[in-house]
Amino acid sequence: MTGSESPDSSTVRLALLVRLAQAFNSSLDLDQVLGRVMDEVIAAVRAERGFVMLHEAGGRLALRAARGIDQRTIDEPNFQISRGVLAQVAAEGRPVLTSDAQHDDRFSMRQSIVSLGLRSILCVPLVVRDQVTGVIYVDNRLHAGIFMPADLELLTAIASSAAIAIENARLYQAAVETGRLERELQ
């Protein structure tokens, strides 16, 4: 609990985290889990858009979910995000928060941030057993200063629960695929 947080707000936050963990784990269908994670994250931190990138075989980050505030899938999402921020968080395993990316010295040389007019950005790693398995990235192009350190703390906590649900869905999907291949071989 931060110094500015009241006991009531910490109780509300804890209740939210419990509800989200239950929602994320209510399905083993990876696409359903990813969609639910994005919709809940966008609502929780008041983001305009959100993206989940997961490490695929070979370590490459692949876009697995792209949603807008209206809970619709974003078309052509690969060209609408800051790949540099994603790569940094995935490589270092440390979250990134910027309240105004247009005037943040860390991102002044990032072409995508300037050309897309990105303002507020939050990006956190998805970590399972001390391994970064992907990232959750949310942004807002309209307003600077929309994300605060408390939002970063909340998204980091949500990402912990989301990472486990995503990993469980991936393992289930792999087990189903293995069973299907074994049946075909027989």
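The values are calculated or read from the model by the stated rules, or taken from the named source; none is laboratory data. The structure displayed is predicted, hence computed values, not measured ones. So basically every Cβ, Gly included, is an ideal-geometry build from the backbone, and we count neighbours across all protein chains shown. Note: areas computed on protein heavy atoms with side chains; ligands, DNA, RNA excluded. Shrake-Rupley method; radii C 1.70, N 1.55, O 1.52, S 1.80 Å.
Some observations on this one:
- Residue ID - nearest to ALA90 (Cα to Cα), chosen from residues in segment 133-151 that are out of contact with any Lys or Arg (no Cβ under 9 Å at 6 or more places or on another chain) and open to solvent by less than 40 Å² (accessible area, probe 1.4 Å): VAL135
- Scope segment 43-69; condition aliphatic (A, V, I, L, M) and buried (at least 21 other Cβ atoms within 10 Å of the Cβ); matching residues: VAL45, ALA47, VAL52, MET53, LEU54, ALA65, ALA66
- Tally, over segment 39-75, of residues that are touching a residue at least 40 places away in the same chain (Cβ under 8 Å) and closer than 23 Å to VAL132 by Cβ: 15
- Elements of the type helices (runs of 4 or more DSSP H) sitting completely within segment 22-131 and holding at least 1 residues that are modelled with pLDDT under 80, more than 30 Å from ALA175 (Cα to Cα) and more than 12 Å from the chain's Cα centre (by Cα): these cover 83-92, 111-116.
- The numbered conditions (1) out of contact with any helix residue (DSSP H, G or I) (no Cβ under 7 Å at 6 or more places or on another chain); (2) among the hydrophobic types (A, V, I, L, M, F, W, C); (3) open to solvent by less than 10 Å² (accessible area, probe 1.4 Å) are all true for ILE74 except (3).
- Among the residues of segment 153-173, those that are open to solvent by less than 40 Å² (accessible area, probe 1.4 Å) and not small (Gly, Ala, Ser) comprise LEU154, LEU155, ILE158, ILE166, GLU167.
- In segment 128-139, the residues that are among the aromatic types (Phe, Trp, Tyr) never reach a residue that is modelled with pLDDT of 95 or more and open to solvent by 10 Å² or more (accessible area, probe 1.4 Å) with C-beta atoms less than 7 angstrom apart, at least six apart or across chains.
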